[in-house]
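Values quoted throughout were computed directly from the atomic coordinates according to the rules given, and no laboratory measurement underlies them. None of these values were measured; they are calculated from a predicted model. All Cβ positions, glycine included, derive from the backbone under ideal geometry; neighbour counts span all protein chains shown.
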Amino acid sequence: MIRRVEPSDADAIADFLARHIETSMFLLGNLEAHGIGDTPHPHGTRFLLRLTDGDITGVFGWTNGGYAMPQWPAMTPPEAQECVAAMRGVHLRGITGPPDQVALMLGVLPVAPVDWATNRDDPLMVRALDDLPAATAHLRPAEAPDRALLEGWFAAYLRETGTSGAATLRLTATARAQAAIGSDTIRLLMHEGRPVAMGALNARAGDAVQIGGVYVAPEHRGKGLAGQLVISHLAELKAKGIRRAILFAASSAAERAYARIGFRRIGFFRVALLARPVSLGAAA
């Protein structure tokens, strides 16, 4: 049985997603932050459920911002079609999740392969925080005077990781820099009184965080600063009750860097982002 969610489903959805936490951080983080329903926030998420003998065995979510996220083990092509049909009226920007499930949905979406700016499987990595090395980096939140620097850094990060189409890169970088100011999820690594790198959280759910947005200024690369930044940020989060970190590495070099600070690969995570939003037709 497949149906839309009801407010009373929230706890059962959270329990199901927690059992698949490594590939459910966006879904579970959005549920915890915004609840069920079409909230005004871009991360407000609507959900579709698969029930088997009364238990949840699949969750599909799509945000107001246009991002789709399946956590639907053993998905079939007809189920993928039903998930896509549920998104009628959405301006789709991308889809992320377990590679096999995302691949099925890509096969039934009315989108040509050439329209995807990014469509790849990234190494999925995890780390427990109980054995962190000593944190030595000096971190601070982003402040208003950092905005111009951050706009350039975010533009370079989006370009290097392929996580934004050329048409929207500058606007996306500007929006992310603005949102970073005063945010509790962004940290800057300081060296001789100046920011030289940044790191962020893509999501937070339960006792886990998903690391993202790690960028080191080119003139400071090759010094292990990314690892120092991440370890120091995780030490701060550990003190607040976080027990594990999850990430997907954007390159083999990034995977090696994360492995050096204790992350281990457990699989892959598909990231498929459109060059431009695609309308999925009129709402039902």
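How much length is gained on full extension from residue 57 to residue 43, taking 0.36 nm per residue of separation minus their Cα-Cα distance?
2.7 nm
Excluding residue 232 itself, calculate the net charge of residues whose Cβ lies under 13 Å from the Cβ of residue 232, where each Lys or Arg counts +1 and each Asp or Glu counts -1.
Around residue 232, the charge tally is +2.
What FRET efficiency comes out for the pair residue 174/residue 275, r = Cβ-Cβ distance, R0 = 25 Å, nearest 0.05? Mind showing how you got there, number by number?
On the way: r = 18 Å, r/R0 = 0.73.
It comes to 0.85.
Assuming a ≥ b ≥ c are the square roots of the Cα gyration tensor eigenvalues, decide whether segment 14-153 counts as rounded (a/c under 1.5), prolate (otherwise, with a/b larger than b/c) or oblate. The partial results should precede the final answer.
Values: a/c = 1.78, a/b = 1.44, b/c = 1.24.
Prolate shape, in that a/c is at least 1.5 and a/b is the bigger ratio.
Residue by residue through segment 71-78, which ³J(HN,Hα) values in whole Hz follow from phi under the Karplus form 6.51 cos²θ - 1.76 cosθ + 1.60 (θ = phi - 60°), with glycine and proline marked x?
So the J values, rounded to whole Hz, are 9, 9, x, 6, 4, 9, x, x.
Check each of the GluC sites (Glu not before Pro) in segment 133-228 and keep only those in coil by DSSP with at most 14 other C-beta atoms within 10 angstrom; list them in order.
Details: sites: 143, 151, 160, 192, 219; in loops: 143, 192.
Listed in order of number, the matching sites are 143, 192.
Distance from the Cα centre of segment 164-206 to that of segment 72-148, in angstrom?
18 Å
With labels modelled as points extended 7 Å from the Cα through the Cβ direction, what inter-label distance (nm, one decimal) is found for residue 144 paired with residue 19?
Placing both labels 7 Å along Cα→Cβ, they lie 5.0 nm apart.
Gain in length, residue 112 to residue 264, computed as 0.36 nm per residue apart minus the alpha-carbon separation, to one decimal in nm? Kindly include the intermediate steps, with their values, before the conclusion.
Details: separation 152, 0.36 × 152 = 54.72 nm, distance 3.42 nm.
Gain on extension, residue 112 to residue 264, equals 51.3 nm.
Express as a percent, rounded to the nearest 5, the fraction of DSSP beta bridges in the chain (both residues included) that run antiparallel.
Working: 52 of 57 bridges.
Within the chain, antiparallel bridges account for around 90 percent of the total.
What FRET efficiency comes out for the pair residue 85/residue 120, r = Cβ-Cβ distance, R0 = 25 Å, nearest 0.05? Mind showing how you got there, number by number?
Working: r = 26 Å, r/R0 = 1.04.
For residue 85 and residue 120, the calculated efficiency is 0.45.
Among 191, 48, 103, which residue has its Cα positioned farthest towards the positive end of the charge dipole of the chain, with +1 placed on the Cβ of Lys and Arg, -1 on the Cβ of Asp and Glu, and the dipole taken about the Cα centre?
Of 191, 48, 103, it is 191.
If you plug each phi of segment 178-184 into the Karplus form 6.51 cos²θ - 1.76 cosθ + 1.60 with θ = phi - 60°, what whole-Hz ³J(HN,Hα) values come out, in order, with x for Gly and Pro?
4, 5, 6, 5, x, 6, 7
Using DSSP to define loop residues, name the trypsin sites (Lys or Arg not before Pro) in segment 91-170 whose beta-carbon has at most 14 other beta-carbon atoms within 10 Å. Each step should come with its number before you reach the end.
Values: sites: 93, 120, 127, 147, 159, 170; in loops: none.
Passing both the DSSP loop test and the Cβ count: no residue.
Nothing charged except the Cβ atoms of Lys and Arg (+1) and of Asp and Glu (-1): what's the magnitude of the dipole of the chain about its Cα centre? Round to the nearest 20 debye.
On the way: 29 positive and 27 negative charges, 151 e Å.
So the dipole magnitude of the chain works out to roughly 720 debye.
How high is the relative contact order of segment 138-242, given as a whole-number percent (alpha carbon pairs under 8 Å, six or more residues apart)? Kindly include the intermediate steps, with their values, before the conclusion.
Working: 133 pairs, mean separation 26.7, N = 105.
Relative CO of segment 138-242 lands at 25 percent.
Quick query: amide H of residue 58 versus all other amide H atoms, modeled in the peptide plane; which residues come in under 5 Å with a sequence gap of 5 or more or a different chain?
It is 50, by chain and number.
Report the paramagnetic label zone for residue 130: residues of segment 250-268 whose backbone N is under 18 Å from a point 7 Å from Cα along the Cα-to-Cβ axis.
Hits in segment 250-268 for residue 130 at 18 Å: 262-264.
Using label points projected 7 Å from each Cα along Cα→Cβ, tell me how many nm separate residue 181 and residue 32, to one decimal.
2.9 nm
Ignoring everything except DSSP H segments at least 4 long, calculate the 222 nm mean residue ellipticity for the chain; use -39,500 (n - 2.57) per segment, divide by total residues, nearest 500.
Numbers: 8 runs with 89 residues, N = 284.
-9500 deg cm²/dmol, from helical runs alone.
Given a cut-off of under 8 Å on Cα pairs at least six residues apart, what relative contact order in percent is computed for the chain? Mind showing how you got there, number by number?
Numbers: 539 pairs, mean separation 68.7, N = 284.
Reported relative contact order: 24 percent.
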